[in-house]
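The values are calculated or read from the model by the stated rules, or taken from the named source; none is laboratory data. Keep in mind the model is a prediction, meaning the values are calculated, not measured. Cβ: placed from backbone, ideal geometry, glycine included. Neighbour counts: every protein chain shown.
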Amino acid sequence: MYKQKQSPYYDPFVTRIPTPSFELIVNYMERHDETTAEFPHTHTSCEIYYALEGEVHLSVEGEIHAMSPGDFAFLPPETTHRAIYEPGLAKKYFVIIFDLKEHAALSKQGEDTAYAVLAGVLASGVCFGRDHNNAQKIFEEICREIVERPFGWEMMLQSLYLQLILSVMRNIVPGDGAGKRREAPNLAIEITKYIYANYDRDITLQDIADALYISPRHISRLFYEYFGTSFAKTLSIYRLNYAKNYLCDTDLSVEEIAPLVGFATPNALYRLFREMEGMSVSEYRQQYRTLAATRDGEE
């Protein structure tokens, strides 16, 4: 008796995946082959067909499309379709059926959300395309999780389903899609980025406050809460670390190095070096050069 093979790569359970602007609801995923007999049907959900091996012939609204490995079809809701049953033609493909549900709080924020971009794709109708984002590799990871069920596999499926669908949709959505992120940046990290870029200048809390449009007091408190140390101490350590580059790579004196890394006086560098490294500047330089000579000799 002819029957459809029972695929081990099958997930009939509903998986809900929250994102910042919408909830992705995966209703069903399965890998099929030439033994699958489909009938013309529609869904109230979106569906993706993706050809893995052989040639898949997909009928969409009565028109037949040939799909080679790496080709996909995106079908919006209420699209009549079926894969043509051709038992003599070896093939493998997967289907995934899903819904997008916008967060109510974001429904009035205009078009600059991932949901708005994806909703635009849905509105544009059926789309056939070529995958350039290696979605097949993500599908293979999904299959591994479903079959082997290692620790945390259900949580991994959430992540992989989102990656899979977005990877396919990126072939349709032009440019950067939803544009810039809406979340506020991590200000503590932004402070360190400012220090990196300006450590050699005579910078103050006020300079950073002006650059980030917040008060110096807030800068100081935020930095300490996040890193457990003060801005002033961190700035000095940055300067000390970059002074080491000059000590190792050049013959410049401490008097020449100090202003290059933002120290007001050479004595400030001398004192901090002794405090943090437990040795003098000259001892550090000699130690580095001895080690470098040893390494060169071994090579």
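Some values worked out for this structure:
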{"item": "Matching strands (runs of 3 or more DSSP E) fully within segment 1-93 where at least 3 residues are surrounded by fewer than 15 Cβ atoms within 10 Å (Cβ to Cβ) and assigned by TED's automatic domain parsing to the domain that holds residue 146", "result": "63-67"}
{"item": "Check on residue 155, exposed (fewer than 12 other Cβ atoms within 10 Å of the Cβ) and of a type outside the set (Ser, Thr, Tyr)", "result": "yes"}
{"item": "Candidates 270, 284 - the one that is without any contact (Cβ under 8 Å) to a residue 60 or more places away in the chain and either exposed (fewer than 12 other Cβ atoms within 10 Å of the Cβ) or in contact with a Ser or Thr (Cβ under 8 Å, 6 or more places away or on another chain) (or both)", "result": "270"}
{"item": "Lone unmet requirement of (1) at pLDDT below 95; (2) at positive phi for residue 70", "result": "(1)"}
{"item": "Residue 247 being farther than 30 Å from residue 166 by Cβ, surrounded by 15 or more Cβ atoms within 10 Å (Cβ to Cβ) and in contact with a Lys or Arg (Cβ under 7 Å, 6 or more places away or on another chain)", "result": "yes"}
{"item": "Condition met for residue 212 (more than 30 Å from residue 20 (Cα to Cα) and outside the structural domain of residue 20 (by TED's automatic domain parsing))", "result": "no"}
{"item": "Enumeration of residues in segment 196-212 that are closer than 19 Å to residue 268 by Cα and not acidic (Asp, Glu)", "result": "198, 199, 201, 203, 204"}
{"item": "Residue list for segment 250-267, restricted to those being free of Cβ contacts under 8 Å to residues at least 60 places away in the same chain, outside any helix (DSSP H, G or I) and surrounded by fewer than 13 Cβ atoms within 10 Å (Cβ to Cβ)", "result": "250, 251, 253, 265"}
{"item": "Residue match in segment 158-166 (condition: polar (S, T, N, Q), assigned to a helix (DSSP H, G or I) and within 18 Å of residue 53 (Cα to Cα))", "result": "no"}
